[in-house]
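The values are calculated or read from the model by the stated rules, or taken from the named source; none is laboratory data. Note that this is a predicted model, so its numbers are computed, not measured. Here the Cβ positions follow ideal geometry from the backbone for every residue, glycine too, while neighbour counts run over all protein chains shown.
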Amino acid sequence: MRLSSQPGGTPILILREGASRSRGREAQRANIMAARIVAESVKSALGPKGMDKMLVDSMGDVTITSDGRTVLDEMDIQHPAAKMMVEVAKTQDDEVGDGTTTSVITTGELLVKAEELIEKGVHPTVIIGGYRKAAEKALTALDKIATTVKPNDKGSLKKVAMTAMASKLVAENREYLAEVASSAVLQVAEKTKDGYRVDIDDVKVEKKAGEALTDTKLVNGVIIDKEVVHSGMPKRVGPAKILLLDTPLEIEKTEFDAKINIESPEQMDAFLKEEENMLKQMVKKISTAGANVVICQKGIDDMVQHFLSRKNIFATRRVKKSDMEKLAKATGGKTVTNLDDFTKADLGYAKLVEERKIGDDKMTFIEGCKNPRAVTILIRGGTERIVDEAERSLHDALCVVRDVVEEPKILAGGGSPEMEVSKVIMDYAETLPGREQLAAMRFADALEAIPTTLAENAGLDPIDIISELRARHEKGEVWTGVEVHEGKVRDMRQVNVFEPLAVKKQIIKSSSEAACMILKIDDVIAVGKMKTPPMPPGGPGMGAGGMGPGGMPPGMGAY
C-alpha cells in the first residue's frame with residue numbers, strides 16, 4: 001500500500017505489496033453485512049417449526065442438523081467479522097450448551113439496528129454505550145421475572161429438557177429422551193455447600209445405529225466400546241471385582257541395547273521359561289487379590305491373555321483414558337500404575353460386567369456400580385444421521401438440565417422473556433440522556449427478532465403476532481409468547497415451554513459484547529498473501545545441474 005507524502009513527493013511504502021485496507025463507513029458496512037449474512041443463514045432453523053440444514057464437507061460427509069453451533073462449525077467461514085459470529089455460537093455452547101441459534105440471530109439484529117443509527121449520523125461509540133446500559137438492564141429484568149424451582153425437581157427438569165429438544169429432529173421422542181437426560185444429570189450431581197455441581201463429562205454418551213430412538217437407554221454404570229481379549233474368557237461376570245490398570249501386562253522392553261549370549265538349547269529354554277514365569281506371576285498377583293475383571297489402558301500380552309482365561313478372569317485392553325477415569329468414579333476403584341503395589345482396597349465393584357453384541361459390534365457393559373457418579377447413555381436410532389443428531393440434541397438437553405440444577409431458575413419460552421425485557425428496556429430508554437436513548441430503544445427492538453423469527457418459521461404473520469404480544473405484555477401478561485403449534489399467542493407456562501435463566505442471560509451477554517466489538521472496528525487492514533518462493537532453474541522438480549526427476553536431462557520423461 002502506497003501513501004503519498006507532500007505533493008510531488010515520492011510515495012512511501014508502508015504495508016507489504018498486495019495488502020488491502022478499508023476504512024470508516026466502508027469497513028463498518030462490510031463487517032455488519034458479513035455478520036448479517038451469518039445470522040440469516042441460521043434464522044430459518046429457530047424454533048419447533050424451524051428447518052434443518054444439510055451440510056456436505058469437502059470429503060462428501062453429510063451432516064443434517066438444526067443446531068446453530070454445528071451449522072456454523074461446518075460452514076467454512078473466511079470473513080473475519082463472520083468468524084466472530086461463529087465464536088458467539090461457540091461461547092454460548094461451551095458455557096450453557098443451548099441457545100446458539102438465538103444468540104447469533106440476536107447479534108445480527110443488534111448490528112442491523114446499529115447500522116440504521118449510523119446512517120442517521122449517530123457515532124458507534126454512543127451506540128455501544130447505549131447497548132451496554134441496555135444489556136445490564138436486560139440481565140436485571142431477567143433475574144426479576146425468573147421463577148425459582150427446586151434443583152432436584154425432576155418434573156421441572158424434564159420440561160426444560162423437552163423444550164431444548166422441541167426444535168430438533170428427535171422432537172417426537174423428546175419426552176422419553178428428556179426422562180433419560182434428567183435422570184442422568186441427577187445421578188451425577190454432587191451436593192456442595194453452595195448448591196449442586198454437575199460435570200457433564202460424567203455422563204458418557206455412546207451411540208450405535210440400529211433399532212429405534214426409543215431404545216436409547218440409561219445405564220447406571222459405564223459402557224466401553226471394547227470386547228474381551230480372549231475367546232476363552234467368561235463373557236459375563238457378577239458380582240465383579242474390577243482392577244483398573246494403567247500399565248501393560250507385558251514384559252517391558254529395555255530402553256537400552258543389550259545382548260544375551262545363549263550357547264545351548266537348555267539356556268534358550270530356561271530364558272523362555274523365565275519370561276513365561278514373569279507373566280504367570282503378574283496373573284497370580286491379580287487373581288490372589290481377588291480381581292475377576294481386568295480393564296487395562298495399555299496392551300495385554302498373548303500369554304497373559306491365556307493365563308487370565310485359565311483363571312476365568314474377564315479382561316479388555318486399550319481402553320481410553322477418559323473411560324478409565326469414568327470407571328474409577330463409577331466403581332470406586334483406583335487406577336493402578338504398578339502391579340507390585342496394588343491391594344484389594346484398590347479394586348472397584350460392580351454387580352455385573354458383561355460383553356453384549358450391539359449392532360455389528362461387541363461392547364462391554366459395567367452395570368450396578370457401587371457409587372454411580374458416572375453413567376452412560378446408549379443412543380440407538382434408525383440411521384447414522386439420526387443417531388448423530390440425537391447425540392447433539394441429547395447434549396443440549398443434558399446441558400440445560402445441568403444449568404437448572406446448578407442455577408435453579410427458569411423462564412417460560414416462546415419469545416415471552418424477550419418481549420418482556422424489550423418492554424422494560426423501552427421504558428428504561430426514556431430515562432437515558434441524549435442519543436444513548438436511541439441505542440437502548442434499538443436494543444429493545446432487536447430482542448423482538450426472536451418472537452418475530454419464531455412466527456415467520458411457523459408460517460404466521462409476524463406483524464400481527466408482535467402487535468398482539470406487545471398489547472398483552474403492556475397488560476402485564478409476562479409469560480405470553482408464540483405458541484407455534486397452535487399458531488397463536490398464549491401463556492407459555494400452560495404448554496410447559498420452559499428455559500433456564502442461565503441460557504437467556506448468556507445470550508444477552510455474548511450477543512451484546514460481540515455486537516459492540518464489531519461496531520468498534522473502523523479500519524480493516526488485510527496483509528497480502530506470501531508470495532511463493534521462486535522455482536529452481538529448469539522448473540519444478542529440477543535438481544542441481546538442471547537435471548530432471550531421477551537424474552534425467554531436461555526434456556526427458558521417465559518411462
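Quick check on this structure: which one of L447, L519 is buried (at least 22 other Cβ atoms within 10 Å of the Cβ) and more than 25 Å from G97 (Cα to Cα)? Even if it seems obvious, please write down each step before you answer.
Numbers: L447 fails: more than 25 Å from G97 (Cα to Cα).
Just a single option satisfies the conditions, and that option is L519.
Which one of these does H473 not meet: (1) crowded, with 19+ Cβ neighbours inside 10 Å; (2) within 29 Å of the chain's Cα centre (by Cα); (3) not basic (K, R)?
Condition not satisfied by H473: (2).
Here is a yes/no grid of residues against (1) in the same structural domain as N496 (by TED's automatic domain parsing); (2) within 26 Å of the chain's Cα centre (by Cα); (3) among the basic types (K, R):
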| position | (1), (2), (3) |
| --- | --- |
| M85 | yes, yes, no |
| V88 | yes, yes, no |
| T91 | yes, yes, no |
| T106 | yes, yes, no |
| E109 | yes, yes, no |
| E116 | yes, no, no |
| E119 | yes, no, no |
| D153 | no, yes, no |
| L157 | no, yes, no |
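Being among the hydrophobic types (A, V, I, L, M, F, W, C) and more than 27 Å from the chain's Cα centre (by Cα) is the filter; apply it to segment 447-458 and report the residue that is modelled with the highest pLDDT.
Keep residues of segment 447-458 that are among the hydrophobic types (A, V, I, L, M, F, W, C), which gives 447, 449-450, 454-455, 458.
Subsequent filtering for residues that are more than 27 Å from the chain's Cα centre (by Cα) retains 455, 458.
Details: A455: 94, A458: 91.
Across segment 447-458, the extreme among qualifying residues is A455.
Filter the helices (runs of 4 or more DSSP H) completely within segment 409-508 down to those with at least 1 residues that are touching a Phe, Trp or Tyr at 6+ places or on another chain (Cβ under 9 Å).
Working: elements: 416-429, 436-447, 449-457, 462-474.
So the answer is 416-429, 436-447.
Suppose we filter segment 125-148 for residues that are surrounded by 19 or more Cβ atoms within 10 Å (Cβ to Cβ) and farther than 20 Å from A449 by Cβ; how many remain?
Residues meeting the conditions: 1.
If a residue must be surrounded by 16 or more Cβ atoms within 10 Å (Cβ to Cβ) and without any contact (Cβ under 8 Å) to a residue 24 or more places away in the chain, how many such residues does segment 60-73 contain?
Here the count works out to 1.
Within the set of pairs 6+ apart or on separate chains, which have a first residue in segment 445-464 that is under 15 Å from V42 (Cβ atoms), a second that is of a type in the set (K, R) and part of a helix (DSSP H, G or I), and C-beta atoms under 6 Å apart?
If the second residue must be of a type in the set (K, R) and part of a helix (DSSP H, G or I), the pairs left are T453/K43.
Counting only residues that are in contact (Cβ under 8 Å) with a residue 24 or more places away in the chain, more than 25 Å from the chain's Cα centre (by Cα) and either over 30 Å from R310 (Cβ atoms) or not in a loop (DSSP other than H, G, I, E, B) (or both), how many does segment 186-244 have?
Residues that pass the stated criteria total 8.
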